[in-house]
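Chemist: Before anything else, here's the structure in question.
The values are calculated or read from the model by the stated rules, or taken from the named source; none is laboratory data. As the structure is a computational prediction, the values presented were derived from the model and not from experiment. Here the Cβ positions follow ideal geometry from the backbone for every residue, glycine too, while neighbour counts run over all protein chains shown. Accessible surface is based on the protein model in full, side chains and every heavy atom, while ligands, DNA and RNA are left aside. Shrake-Rupley method; radii C 1.70, N 1.55, O 1.52, S 1.80 Å.
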Amino acid sequence: MTPEALLREAVARHQAGDLEGAAARYERLLAVRPDDANALNLLGLVFRQRGDLPRALGLIRRAVALQPAAPVFLATLGGTLAEAGQLAAAVEALRAALAIRPNDPTSLRNLGQALCGLGRSGEALAPLRRAVALAPAAGEAHLALAHACREAGKTAAAAAAARAALLLPNLAPQLAEQARFLLAALGEGAAPDRAPATYVRDLFDQYAPRFERDLEDKLAYRTPAALADLLAEAGLAADGSRQVLDLGCGTGLSGRALAPFAHRLEGVDLSPRMLAEAARQGCYAALHEADLLAFLPRHPGQFDLIAAADVLNYLGELRPALAGMATALRPGGYLAFSVESGAGDTYALGPGLRYRHDLPALRALLAALDLRILAERSLVLRQELGQPVAGAAFVLRVA
Ligand SMILES: C[S@@+](CC[C@H](N)C(=O)[O-])C[C@H]1O[C@@H](n2cnc3c(N)ncnc32)[C@H](O)[C@@H]1O
């Protein structure tokens with residue numbers, strides 16, 4: 001088979017979703033033509049799709065080095081760097097791609113999202129508006145613009161972009177749910193009883209490579225340590241004796257704080273990329289990709305301690321989650337969690353797209369579920385746009 005025919009076959013496999021078959025053919029082609037920039041770039045894409053970003057970047061960089069003026073390789077490099085959380089380098093590569101091919105809507109959207117990730121939402125608006133103008137039927141672009149406008153404080157423009165997404169005839173149901181969620185956070189329409197699972201998963205998948213750096217350094221996030229202190233205050237010995245479940249474990253910051261209490265520690269999260277980071281911590285005996293609301297009822301009476309650090313703020317109605325935790329605990333088991341606090345309604349969706357809970361209403365719900373408060377503390381959960389986010393931490397015991 002000629003190298004050209006091999007490349008065609010590889011691309012056909014790739015487009016059909018057969019990543020193994022495509023990779024094998026790209027590799028065969030590269031064995032005879034090691035400097036085939038197309039094959040290097042496409043094999044890089046396969047590794048990106050498999051989640052192996054270091055190898056993807058190595059291959060795509062070789063393609064760029066061979067053909068530095070080819071916009072398609074620069075665009076792939078930029079998108080992959082963004083996925084790997086290397087946002088400044090992503091912006092540089094995407095700008096270089098767009099200098100050669102200015103009307104590529106995917107690169108424009110990737111550039112806008114990378115700028116937002118860097119906290120430069122004002123600069124993101126122009127590329128995102130162009131992405132929408134060039135691909136008006138793409139719901140993702142409208143939503144990316146809506147998020148950028150919200151972050152830039154342009155509430156009316158954010159709502160207009162979310163409404164424009166909802167008007168698209170073929171908008172995927174998941175994107176429609178996300179657009180309605182965003183509109184509710186902007187004050188249009190009732191808040192749903194939880195954040196859409198796809199929104200939470202995508203948000204944290206994107207955030208995973210830079211989550212710990214951002215939270216611990218920039219946002220002064222101390223909730224896991226505060227929960228561990230409160231557990232000790234409530235009389236729990238850090239004696240490594242318990243079956244512990246870390247709900248919404250993320251990258252494992254909370255797992256590190258819970259480990260001293262655990263004989264066996266398990267984690268649950270919606271985001272596969274957060275879980276991949278958590279696996280590197282080495283403190284979890286098992287990690288589960290699941291929605292906590294589905295996971296808890298499937299594990300009755302299994303845990304001695306369940307913790308949820310900075311997780312319940314993605315849920316409005318807390319009864320199903322708290323009842324699920326009570327079910328998954330052994331009799332006499334302990335529960336520890338944090339919430340963002342807000343007065344007024346039982347819960348409210350804040351402009352940061354997280355829920356705040358009214359503490360008197362929460363205490364009443366805990367009492368109704370026979371969850372006895374052992375310790376409670378007000379705390380600053382983290383900083384957001386330079387402002388402290390107020391919250392509370394609880395330790396409870398199931399009857
Ligand atoms: C702000 S992070 C906190 C991570 C970790 N607990 C910590 O303290 O660093 C919130 C995590 O909760 C997860 N999460 C939110 N809602 C969830 C749900 N319904 N089921 C499972 N995981 C959820 C997110 O995917 C994310 O990883």
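Chemist: What share of the DSSP beta bridges in the chain is antiparallel, in percent to the nearest 5?
Modeler: Details: 23 of 43 bridges.
About 55 percent, rounded to the nearest 5.
Chemist: Once the Cα gyration tensor of the range 3-192 is found, what semi-axes does its equivalent ellipsoid get, as square roots of 5 times the eigenvalues, in whole Å, sorted largest first?
Modeler: Numbers: eigenvalues 240, 66, 35 Å².
They are 35, 18, 13 Å, listed from largest to smallest.
Chemist: With a Förster radius of 25 Å, plug the Cβ-Cβ distance of ARG280 and GLN49 into 1/(1 + (r/R0)^6) and report the FRET value to the nearest 0.05. Intermediate results must be reported in sequence, preceding the final value.
Modeler: Values: r = 21 Å, r/R0 = 0.82.
In this case the efficiency is close to 0.75.
Chemist: So what is the relative contact order for the range 103-236, in percent, with contacts set as C-alpha pairs under 8 Å and at least six apart?
Modeler: Details: 122 pairs, mean separation 18.8, N = 134.
Value for the range 103-236: 14 percent.
Chemist: Still on this structure: Put +1 on the Cβ of each Lys and Arg and -1 on the Cβ of each Asp and Glu in the range 203-398; which of LEU247, HIS299, ALA390 then has its Cα farthest toward the positive end of the dipole?
Modeler: Most positive-ward Cα: HIS299.
Chemist: Continuing with this model, one more query. Once you place label points 7 Å from the Cα toward the Cβ at ALA225 and ASP291, how far apart are they in nm?
Modeler: If labels sit at ALA225 and ASP291, their model points lie 3.5 nm apart.
Chemist: Label the range 203-398 by shape, choosing from rounded, prolate and oblate, from the square roots a ≥ b ≥ c of the eigenvalues of the Cα gyration tensor; if a/c is under 1.5 it is rounded, and otherwise prolate applies when a/b is larger than b/c, oblate when it is not. Don't skip to the answer; put the middle values down first.
Modeler: Working: a/c = 1.37, a/b = 1.03, b/c = 1.33.
Rounded shape, in that the Cα axes give a/c under 1.5.
Chemist: Please say if the range 200-304 is rounded, prolate or oblate, where rounded means a/c under 1.5 for a ≥ b ≥ c the square roots of the C-alpha gyration tensor eigenvalues, and otherwise the choice is prolate for a/b larger than b/c and oblate otherwise?
Modeler: Values: a/c = 1.92, a/b = 1.19, b/c = 1.61.
It comes out oblate by the Cα gyration axes.
Chemist: Something else: Solvent-accessible area per residue for the chain at a 1.4 Å probe radius, Å²?
Modeler: Working: 17100 Å² over 399 residues.
I get 43 Å² per residue for the chain.
Chemist: Using amide H atoms built 1.01 Å from N in the peptide plane, name the residues 5+ places from ALA375, or on other chains, whose amide H lies under 5 Å from its own.
Modeler: When sequence neighbours closer than 5 places are left aside, the close amide H contacts are VAL395.
Chemist: Same structure, new question: Compare the Cα positions of LEU168, GLY333, LEU236 along the charge dipole of the chain (+1 at Cβ of Lys, Arg; -1 at Cβ of Asp, Glu; about the Cα centre) and return the one farthest towards the positive end.
Modeler: Highest projection toward the positive end goes to LEU168.
Chemist: Which ³J(HN,Hα) values in Hz, rounded to whole numbers, follow from the phi angles of the range 378-390 under the Karplus curve 6.51 cos²θ - 1.76 cosθ + 1.60, where θ = phi - 60° and Gly and Pro get x?
Modeler: 7, 7, 8, 6, 5, 9, 9, 6, x, 10, x, 9, 7
Chemist: Give me the Kirkwood hydrodynamic radius of the range 47-145 in Å, from all C-alpha pairs, to one decimal place? Each step should come with its number before you reach the end.
Modeler: Numbers: mean 1/r = 0.0751 Å⁻¹.
For the range 47-145, the Kirkwood estimate is 13.3 Å.
Chemist: Between helix 319-328 and the chain, what is the angle of the helix's C-alpha long axis to the longest principal axis, kept within 0 to 90° and rounded to the nearest 10?
Modeler: Rounded to the nearest ten degrees, it is 80.
Chemist: A further question follows. State the three equivalent ellipsoid semi-axes of the chain, derived from the C-alpha gyration tensor as the square roots of 5 times its eigenvalues, in descending order and whole Å.
Modeler: Working: eigenvalues 343, 135, 63 Å².
Rounded to whole Å, the semi-axes are 41, 26, 18.
Chemist: What are the ³J(HN,Hα) couplings of the range 280-287, residue after residue, when phi is run through the Karplus curve with 6.51, -1.76, 1.60 and θ = phi - 60°? Round to Hz, x for glycine and proline.
Modeler: Karplus-based 3J(HN,Hα) across the range 280-287 equals 6, 5, x, 9, 9, 6, 8, 10 Hz.
Chemist: Taking the Cα centre of the chain as origin, sum charge times position over the Cβ atoms of Lys and Arg (+1) and Asp and Glu (-1), and report the length of that vector in debye to the nearest 20. Walk me through the intermediate numbers first.
Modeler: Values: 41 positive and 41 negative charges, 108 e Å.
The calculated dipole for the chain is roughly 520 debye.
Chemist: To continue, here is another question. Cα-based Rg of the range 88-221 per 2.2 N^0.38 Å, rounded to two decimals? If you can, show how the numbers build up before the last one.
Modeler: Values: Rg = 15.0 Å, N = 134, 2.2 N^0.38 = 14.1 Å.
This ratio for the range 88-221 stands at 1.06.
Chemist: Run the dipole for the range 3-192 about the Cα centre, Lys and Arg Cβ at +1, Asp and Glu Cβ at -1, nothing else charged, and hand back the magnitude in debye, nearest 20.
Modeler: Numbers: 20 positive and 16 negative charges, 54 e Å.
Magnitude of the dipole: close to 260 debye.
Chemist: Amide H of TYR355: which non-local residues (sequence gap of 5 or more, or other chain) have their own amide H closer than 5 Å, using H built in the peptide plane?
Modeler: TYR314, LEU315, GLY350
Chemist: On to the next question. Could you tell me the relative contact order of the chain? Use alpha-carbon pairs under 8 Å, at least six residues apart, and round to a whole percent.
Modeler: Numbers: 744 pairs, mean separation 36.9, N = 399.
Here the relative contact order equals 9 percent.
Chemist: Here's a follow-up. Distance between the C-alpha centers of the range 98-150 and the range 163-233? Whole Å please.
Modeler: Computed from Cα coordinates, the inter-centre distance equals 19 Å.
Chemist: Work out from phi, with θ = phi - 60° and the Karplus expression 6.51 cos²θ - 1.76 cosθ + 1.60, the ³J(HN,Hα) of each residue of the range 49-61, listed in order in whole Hz, and give x for Gly and Pro.
Modeler: Going residue by residue, I get 5, 7, x, 8, 6, x, 5, 4, 5, x, 5, 5, 4 Hz, with x marking Gly and Pro.
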